[in-house]
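Q: Got a structure for you, written out below as structure tokens; questions coming shortly.
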Amino acid sequence: MSLTNNIAKNTAIQVAGKIAGTVLALITAGVIFRYLGDTGVGQYTKVLAFLQLFAIMMDFGFYIILIKKLAHLDLDKLDDPIVHNIFTLRIVSGVIFLSLAPLSAWIISLYNNAYDLTIVAGIAIATLFYFCISLNQLLSAIFQRAMKTSWIALGEFIGKIALLVFVILFVYFDFGLWWVLFAHVISSVTNFLIQFLATRSYVKLKLVFNWPLWKQILKEAWPIAVSIGFALIYFKGDTIILSFYEPNNVVGWYGAPYKILEVLVTFPAMFVGLVLPLLNAAWQKKDLEKFKNVLQKALDALTVVAMPLVGGTLALAPMIIRILAGSEFQNSNNVLRILIIAVGAIYLGTLLSYVVVSLNKQKSMMWGYAFVAISSLLGYFIFIPSYSIFGAAWVTVYSEIAVAIIALVIILRTTKIHLSGKVFIKSITASAVMFFFLMIGVALLQDIYPATHLLEQVDTASTRLDFSLLSLVVFVPFGAVVYFFILWILQGINQEDLRQMFKLKK
């Protein structure tokens, strides 16, 4: 099978897996939201946000470094010392940083009752969840290099099924927040075991302590690690700072749409994992034409996906929140509308940030992350006390857009290439038209069925849920048809583009 066909096949497998996994994740989130309520979701959000701070710190850039190293290894030579040492480093960093999480939470609880026993114990329970997630990320790099992404999709899919099953089981028996968190642990362990056993066909991972090699890896990784440290400030600073100013139910109003954001942004990371090896190879060979071609197609592909996601959610946010979380989270509607703009920026920013690493310009990006982190932190402290969840959401949007712009500037200055914004502009235009038609559709339905009040609270919860679900089933495909039709009319995409969009070879 040719490289292009292999890439296309693996992309299709991962996209299919991500779609299925996203559906399962959203269903699971809906069960959790409705069971815990806004106060319980606030506690749930605090636990996961606090742990993510330490999980991001333990990352240390090892995933990106591993992708770069694997790009230079033949498929039959993946059993290389560098792979074993990076795997060992990830385990060591995970044990160190994640062990600090419950200890830090306990210390905070001594001085601030926002972190009570429920939160501290929840953090301790969920520690293994993030530990396994971090290991799964490294394993996915191996499968991406071997062009066997079906194992990634299978592991994630079975893991999400396990999560949904155990969440439903624990909710049925009314076990509470701690057991919901334990269901996440079961899910991540299941995913890890599947992927770990599957990797043994390519590399039999083992613990290796090669100190000189560790120093070499850490020397290359430290700018990425510092950048990640700054990134965690703006990525999770909002929820952490919000938790000190607002009660659990308000944190829950922010946490519900933020959970949706986290589910949606898993796709670009997967896609970039497939693109990055080819960008690395093209840059190493100084093949600027191919580098530009791959990057342009990747940006266009992510743009075509991201823009209608933003436009559609802006129009249908109340229905989405009502279906997933219920009327208790009505205050989350506009938060979701704001955060979905950040999702669009993340789709493009993820690719651009990883490309910066391919260019070995992570030190330059480090200063960009520092600027965004400091300015965002100031923004959170200025706007959260006055504007609460809306202040946090808008600062998050600013931070993600700023990171994407800084990364793009570094890429253009380094490579001297010129990228086309044709698809970007036409995708935004098509999304705006789609948004207009969706809003007309919502208004017409409200006129025809005024008792449903799609954009307001109504008397019967079951009526809201049933009608919102039915409306989404109608509006989502309708919006997709309008979007792609307008994009085709604008010549932003044609049949050849559809065939070539995910081809990463000229």
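Q: Check 282, 269 and return the single one that is touching a helix residue (DSSP H, G or I) at 6+ places or on another chain (Cβ under 7 Å), surrounded by fewer than 22 Cβ atoms within 10 Å (Cβ to Cβ) and without any contact (Cβ under 8 Å) to a residue 60 or more places away in the chain. Step through it out loud before you land on a result.
A: Values: 269 fails: without any contact (Cβ under 8 Å) to a residue 60 or more places away in the chain.
Criteria check complete, one pass: 282.
Q: Another question about this same structure. Pick from segment 147-203 the residues that are of a type in the set (Phe, Trp, Tyr) and under 20 Å from the mean Cα position of the chain (by Cα): which of them is modelled with the lowest pLDDT? Let's see the steps before the verdict.
A: Step one: of segment 147-203, the residues of a type in the set (Phe, Trp, Tyr) are 151, 157, 166, 170, 172-173, 175, 178-179, 182, 192, 196, 202.
Right, trim to under 20 Å from the mean Cα position of the chain (by Cα) and you get 151, 157, 192.
Details: 151: 87, 157: 91, 192: 94.
Looking at residues that are of a type in the set (Phe, Trp, Tyr) and under 20 Å from the mean Cα position of the chain (by Cα), I get 151.
Q: Does any residue of segment 108-116 turn out to be in contact with a helix residue (DSSP H, G or I) (Cβ under 6 Å, 6 or more places away or on another chain) and part of a loop (DSSP other than H, G, I, E, B)? Talk me through it step by step, then tell me what you get.
A: Restricting attention to segment 108-116, the residues satisfying the condition of being in contact with a helix residue (DSSP H, G or I) (Cβ under 6 Å, 6 or more places away or on another chain) are 109, 114-115.
If we keep only those that are part of a loop (DSSP other than H, G, I, E, B) as well, we get 114-115.
There is at least one residue in segment 108-116 that is in contact with a helix residue (DSSP H, G or I) (Cβ under 6 Å, 6 or more places away or on another chain) and part of a loop (DSSP other than H, G, I, E, B).
Q: In segment 426-440, which residues are free of Cβ contacts under 8 Å to residues at least 60 places away in the same chain and either farther than 11 Å from residue 484 by Cα or buried (at least 21 other Cβ atoms within 10 Å of the Cβ) (or both)?
A: Step one: of segment 426-440, the residues free of Cβ contacts under 8 Å to residues at least 60 places away in the same chain are 433, 436-437, 440.
Scanning segment 426-440 gives 436, 437, 440.
Q: To continue, here is another question. One residue is enough: does segment 398-409 have a residue meeting the conditions over 20 Å from the mean Cα position of the chain (by Cα), farther than 29 Å from residue 256 by Cα, among the aliphatic types (A, V, I, L, M) and crowded, with 19+ Cβ neighbours inside 10 Å?
A: Taking every residue of segment 398-409 in turn, none turns out to be over 20 Å from the mean Cα position of the chain (by Cα), farther than 29 Å from residue 256 by Cα, among the aliphatic types (A, V, I, L, M) and crowded, with 19+ Cβ neighbours inside 10 Å.
Q: Please indicate, with yes or no, whether at least one residue in segment 141-158 is out of contact with any Asp or Glu (no Cβ under 8 Å at 6 or more places or on another chain), surrounded by fewer than 19 Cβ atoms within 10 Å (Cβ to Cβ), farther than 30 Å from residue 363 by Cβ and acidic (Asp, Glu).
A: no
Q: If residue 258 meets every condition in (1) more than 29 Å from residue 387 (Cα to Cα); (2) within 16 Å of the chain's Cα centre (by Cα); (3) among the aromatic types (Phe, Trp, Tyr) apart from one, which number is that one?
A: All conditions are met except number (1).
Q: Ok, one more. Considering only residues of segment 34-87 that are part of a helix (DSSP H, G or I) and either of a type in the set (Gly, Ala, Ser) or free of Cβ contacts under 8 Å to residues at least 60 places away in the same chain (or both), which is nearest to residue 257 (Cα to Cα)?
A: Going residue by residue through segment 34-87, those that are part of a helix (DSSP H, G or I) are 34-59, 62-70, 75-77, 81-87.
Next, only the ones that are either of a type in the set (Gly, Ala, Ser) or free of Cβ contacts under 8 Å to residues at least 60 places away in the same chain (or both) stay: 37, 40, 42, 49, 55, 69, 76-77.
On the way: 37: 14, 40: 15, 42: 12, 49: 14, 55: 21, 69: 36, 76: 44, 77: 43 Å.
Among them, the one singled out is 42.
The values are calculated or read from the model by the stated rules, or taken from the named source; none is laboratory data. Note that this is a predicted model, so its numbers are computed, not measured. Cβ sites come from the backbone with ideal geometry, for glycine too, and all protein chains shown count toward neighbours.
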